[in-house]
Amino acid sequence: MSLGAVLLLLFLGLLVARVPVAAALGAAALWVLWAGRLGLGVVSYNFQAGIAKFPLLAIPLFILAGVVMDRAGIAERIVRLAVALVGRVRAGAAVASVAVTMFWGAVSGSGPATVAALAPILVPMMTRRGYDKPFASVLVAAAAELSIIIPPSIAFIVYATIVSGSIAEQFLAGFLPGLVMGLVLMAGAAWMVSRRGWDQEPDPDAQRVPVGRLLREAFWGLLTPLVILGGIYGGVFTPTEAAVVAVAWGLFVGFFVYRTLRVRDLLGMLYEASVSSAVVMAIVAWAGIFAWTADTVGLVRDLSRAAMALAGRPYLFLALLNLVLLFLGTLMDAVSIYFVMVPMLIPVLHYLGWDPVWFGVMMTVNLAIGQITPPVAVNLFVAARVNQVPIEQLWRQAWLFAALGVAGLVIITYVPWISQVLPRLLYGR
């Protein structure tokens, strides 16, 4: 058996044994390096080189920005505004929840972080309108998957770094696909709510406070994506610098505008962001070593050749590739899948002449669906913990929302224009 096959089988075996992804990637790579006498000395260099990249500095900073803005009370004010705007219609609570979660995705860039920030606010709001608590929890978890599609996205930062592409361009390509996925989710959720007879009357909370007052309260929070993304596309700062600006903006709003933050809160926010960042960066580091090992032992070459042999019928190949990515998304996080799959798919992209920016969006949508698809379903686990609902009750509801995600995926896969039109307009692609 070749070393490439050993590497792949060992990694998959560790995943099946429920070993954490970062440990599975590292253990499989270290074993093959040792067994193949390829030199364990390369590990320290590749470990450091995998994370010592300036664009990746944006990841912990965007995570910190999301924590700061949550603690500053921005999320709560935006929720009240959305309920006031949409709560007067049938299924308004469901539509408002998806809209707020989409907006928050433009702040946090992380699905689990979005669930942790919004579920404690949105789920009680929906249950007061008669929603089933597991349904409401899954709805927030499903909407939070859009956080890695709508910019600024941590997933897009990792993908663009691997393919040596433009992070700003990848961000721009995610706008319309994120909107398409959000509209599909809104329509599907509203239909399910209507079928179950929930939320049929106007929300009394939506009429209690004037919209103008709520708009003034949420104004500074609503400016957040404009400041971050406007600065990037206006050429004022790079995506990595934008992450620093996002942290500074959140601190400014929390300390001086809403006055909800205190100096004593800083240590707790730094600790929370550090824990989340450490998990992501550990995966990045070990996945980089795994990818280097896979390339060295010829696994990347062999799988690329197998993929190109199937690429004679592009539409069928896309369908098969989506199935593979959807399956992997149920087992692994997006960062790990990028490092494992993208190196072997880059030759295929060149062979078929596909746009890597569109492909990155399509791939990310697949992996976003995986955040609510068992057995891993990281968004569901966060929602279950935050709302104190047994995870088994959420799994029963998750498949309906996963099906809605697949419907949106089909549109984005076979209509590349949705991902390409904005980069073409701004960058002349």
Pull out all pairs, ordered by first then second residue, where Cβ-Cβ is under 6 Å, the residues are six or more apart or on different chains, the first lies in the range 103-124 and is surrounded by fewer than 24 Cβ atoms within 10 Å (Cβ to Cβ), and the second is assigned to a helix (DSSP H, G or I) and among the acidic types (D, E). I121/E76
Any chance G370 is modelled with pLDDT of 90 or more, under 14 Å from the mean Cα position of the chain (by Cα) and crowded, with 24+ Cβ neighbours inside 10 Å: no
Hey, could you check the range 375-429 for residues that are surrounded by 18 or more Cβ atoms within 10 Å (Cβ to Cβ) and assigned to a loop (DSSP other than H, G, I, E, B) and say which is modelled with the highest pLDDT? V389
Residue identified as on the phi < 0 side of the Ramachandran plot, touching an Asp or Glu at 6+ places or on another chain (Cβ under 6 Å) and assigned to a helix (DSSP H, G or I) among V67, V6: V67
Restricting attention to the range 304-324, does a residue exist that is modelled with pLDDT under 80, within 23 Å of the chain's Cα centre (by Cα) and not basic (K, R)? no
Restricting to the range 144-200, name every residue that is buried (at least 20 other Cβ atoms within 10 Å of the Cβ) and on the phi > 0 side of the Ramachandran plot. D199
Those residues of the range 268-320 which are touching a Phe, Trp or Tyr at 6+ places or on another chain (Cβ under 9 Å) and either of a type outside the set (G, A, S) or without any contact (Cβ under 8 Å) to a residue 12 or more places away in the chain (or both), in sequence order: I283, V284, W286, I289, F290, M308, L310, P314, Y315, L318
So is G221 closer than 28 Å to P423 by Cα and without any contact (Cβ under 8 Å) to a residue 24 or more places away in the chain or not? no
Taking A84 as meeting all but one of (1) at pLDDT below 80; (2) surrounded by 22 or more Cβ atoms within 10 Å (Cβ to Cβ); (3) within 30 Å of S166 (Cα to Cα), write down the number of the exception. (3)
Restricting to the range 25-64, count the residues that are closer than 21 Å to L3 by Cα, touching a residue at least 40 places away in the same chain (Cβ under 8 Å) and assigned to a loop (DSSP other than H, G, I, E, B). 2
Quick check, is F62 crowded, with 18+ Cβ neighbours inside 10 Å, in contact with a helix residue (DSSP H, G or I) (Cβ under 8 Å, 6 or more places away or on another chain) and aromatic (F, W, Y)? yes
How many residues does the range 162-187 hold that are more than 17 Å from the chain's Cα centre (by Cα), at pLDDT 85 or above and over 18 Å from I150 (Cβ atoms)? 1
Take the residues in the range 299-349 that are assigned to a helix (DSSP H, G or I) and of a type in the set (V, I, T), then tell me which one is surrounded by the fewest Cβ atoms within 10 Å (Cβ to Cβ). V324
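The values are calculated or read from the model by the stated rules, or taken from the named source; none is laboratory data. Note that the structure is predicted; figures quoted are calculated from it, not measured. Don't worry about glycine lacking a Cβ; one is built from the backbone with ideal geometry, like all the others, and counts go over all protein chains shown.
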